[in-house]
1. Multiply the residue gap between R109 and H205 by 0.36 nm, knock off their C-alpha separation, and tell me the result in nm, one decimal place.
2. Modelled label-to-label distance, R127 and I100, 7 Å Cα→beta-carbon offset: nm?
3. Taking every pair of Cα atoms in the stretch 117-237, average 1/r, invert it to obtain the Kirkwood radius, and report Rg/Rh to two decimals.
4. Could you give the nm distance between label points at L260 and V19, where each point is 7 Å from its Cα heading toward the beta carbon?
Amino acid sequence: MALPPFHIHPTVELVFLLVEGTYLVAIRNRRRSLGVGSPGASLAKDQVATRRQITLFSVGVGVLWIGAEWPIHDLAEHYLYSMHMVQHLLFTFVAAPLLIAGMPVWMLRKILHPRPVAAAAVALMHRIFSEFTFDPSSTTITTPVTRVLADRHGVCQDFAHLQISCMRSLGLPARYVSGYLLTTPPPGKPRLVGADASHAWLSVHCPVLGWIDIDPTNDVICDLRHITVAWGRDYGDVSPLRGVILGGAQHTLEVGVSVLPMN
């Protein structure tokens, strides 16, 4: 019996290529985040993916591709089976085990236990706080996020821009927030007039909770101590001061703000 010809539908082909591509991109990003290949990197076997796992996953995608594309209707009729039964057996007992065997433990955990948006945003906030250094002399208002990411130094505006960029890269809404932070002086010390300065953090939109404000500079979820003045796409939308100075050479502006509770 001659096998029927194999025809590739462009739409189905694109879907399976996206599945395979997403898998490989996830592994590449995992390797980069863990520093695989860098000196002194010591990783457990389940932290990235072995060649065997990548091969098994690719074979599983191939089996799905064949099951979806091959005109097995003629074969099914020849053996007195329905086409859907053949596809069900092929997907359940061949493709599914190959796909599962090809996924590392960390990938299975993400699929089986997806992290809510709020929890993921807070986890990223913790990571920025622990891995980046607050350094007022390291950046300016024109420093790009890529520079901040490479140098691991910056101020509140930089950390807010960095996390906003990360959230938006995943298609998650995030906005820049400008305001002030109510600071408490050390015990026994008076509150200094003009000692407070403007502050920046971000808001992330969660499907259930709505907008939540988080502060990667201080590693906290914003509360009543964070006083919002404005929000926008980035610092340029809500700059506290904006204008043009005419005349003279160079100018230096110093601003001091005091935040006091109403009661």
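Read-outs: derived from the displayed coordinates by stated rules, not from any lab. Since the model is a prediction, treat every value here as computed from it, not as a measurement. Neighbour counts are summed over all protein chains in view; Cβ atoms, including those assigned to glycine, are modelled from backbone coordinates with ideal geometry.
1. Numbers: separation 96, 0.36 × 96 = 34.56 nm, distance 2.39 nm.
Fully extending the segment from R109 to H205 adds 32.2 nm.
2. 2.8 nm
3. Numbers: Rg = 14.4 Å, Rh = 14.8 Å.
When Rh is taken as the Kirkwood radius, the ratio is 0.97.
4. Reported label-point gap for L260 and V19 is 6.6 nm.
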